[in-house]
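Colleague: Below you'll find the structure I mean.
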Amino acid sequence: MRRVRNFLISTGAYWLSDYPVGLVAYVFGKLNNGVIYGYSIFSVIAMGFMESLGRSVCATLGAAIVVLSVDDEKPQRWALLVALLYVVIGRSRYHWARDYVPTTWDRVEQISNALWPAVICVIAANLFVRMRRGSLRPAA
C-alpha cells in the first residue's frame with residue numbers, strides 16, 4: 001500500500017509541478033530572446049538547455065514535493081518517476097511541420113531540451129535529501 005501511495009504522490013507531484021511551466025517558461029524565455037548561438041555542438045546543447053529552463057525549474061519543484069512527501073528511506077528514487085515523466089511528456093511536445101525535415105542539429109537540441117529537466121530533477125532530489133539529513137550544511 002505504501003508503494004501505491006508513493007507512486008500516486010510522485011505522479012501528482014509531476015502534474016502539480018507541470019501546471020506553472022507555461023508561466024515560468026515565459027519568464028525564462030525572455031532570457032533566451034535575442035541570443036545568437038554558434039555552429040558548434042556545444043552551442044546546440046546550450047540552446048536546448050536554455051529553452052528548457054522553465055521546465056527545469058518546475059522539475060526542481062516536483063523533486064522537492066516528492067522528497068518532502070514520500071514516506072521512504074530513499075525518497076530520491078521516487079523522484080526518478082518525476083524525471084521520467086518530464087522526459088516522456090517533454091519529448092511529445094515537439095511537432096515538426098510536414099514539409100520540414102529536422103536536421104541532426106534539431107534532433108540534438110530536442111534531446112538536450114528533453115533530458116535537461118530530468119537531470120536537474122534527479123540532482124535536486126539528491127541535494128534535497130542530503131540537506132534534510134544534514135550531511136550538506138551551509139557554511140556558518
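The values are calculated or read from the model by the stated rules, or taken from the named source; none is laboratory data. Owing to the predicted nature of the structure, the values given are computational and were not obtained by experimental measurement. Please note: Cβ atoms are built from the backbone with ideal geometry, for glycine as well, and neighbour counts cover all protein chains shown.
Colleague: Looking at segment 105-117, can you tell me whether even one residue there is under 28 Å from residue 2 (Cα atoms) and at pLDDT 85 or above?
Modeller: Yes; the residues of segment 105-117 include at least one that is under 28 Å from residue 2 (Cα atoms) and at pLDDT 85 or above.
Colleague: Same structure again: Name the single residue that is nearest to residue 78 (Cα to Cα) among those in segment 17-33 being under 15 Å from the mean Cα position of the chain (by Cα) and not aliphatic (A, V, I, L, M).
Modeller: Filtering first and then ranking leaves 17.
Colleague: Continuing with this model, one more query. Show the residue pairs that are 6+ apart or on different chains and have beta-carbon atoms under 8 Å apart, the first residue being within segment 1-23 and of a type in the set (D, E, K, R), the second being part of a helix (DSSP H, G or I).
Modeller: If the second residue must be part of a helix (DSSP H, G or I), the pairs left are 18/58; 18/62; 18/89.
Colleague: So residue 54 clears everything in (1) surrounded by fewer than 16 Cβ atoms within 10 Å (Cβ to Cβ); (2) in a helix (DSSP H, G or I) except one condition, right? Which one?
Modeller: Unmet condition: (1).
Colleague: Out of curiosity, is residue 14 within 12 Å of the chain's Cα centre (by Cα) and aromatic (Phe, Trp, Tyr)?
Modeller: The answer is yes for residue 14.
Colleague: Looking for something part of a helix (DSSP H, G or I) and either over 26 Å from residue 132 (Cα atoms) or touching a strand residue (DSSP E or B) at 6+ places or on another chain (Cβ under 9 Å) (or both) - is there at least one such residue anywhere in segment 57-77?
Modeller: Taking every residue of segment 57-77 in turn, none turns out to be part of a helix (DSSP H, G or I) and either over 26 Å from residue 132 (Cα atoms) or touching a strand residue (DSSP E or B) at 6+ places or on another chain (Cβ under 9 Å) (or both).
Colleague: While we're looking at this one, here's another question. Got a number for residues in segment 87-102 being modelled with pLDDT of 75 or more and under 22 Å from residue 118 (Cβ atoms)?
Modeller: The number of residues fulfilling the criteria is 4.
Colleague: Shifting gears a bit: Taking segment 28-40 only, how many residues are outside any loop (DSSP other than H, G, I, E, B) and either polar (S, T, N, Q) or surrounded by 12 or more Cβ atoms within 10 Å (Cβ to Cβ) (or both)?
Modeller: Total satisfying the criteria: 3.
Colleague: Of the conditions (1) over 20 Å from residue 123 (Cα atoms); (2) at pLDDT 90 or above, residue 40 fails just one. Which one is it?
Modeller: Only one criterion is unmet by residue 40, namely (2).
Colleague: Right, next: Restricting attention to segment 65-79, which residues are in contact with a helix residue (DSSP H, G or I) (Cβ under 9 Å, 6 or more places away or on another chain) and either of a type in the set (Val, Ile, Thr) or surrounded by fewer than 19 Cβ atoms within 10 Å (Cβ to Cβ) (or both)?
Modeller: 65, 66, 67, 68, 69, 70, 71, 72, 74, 77
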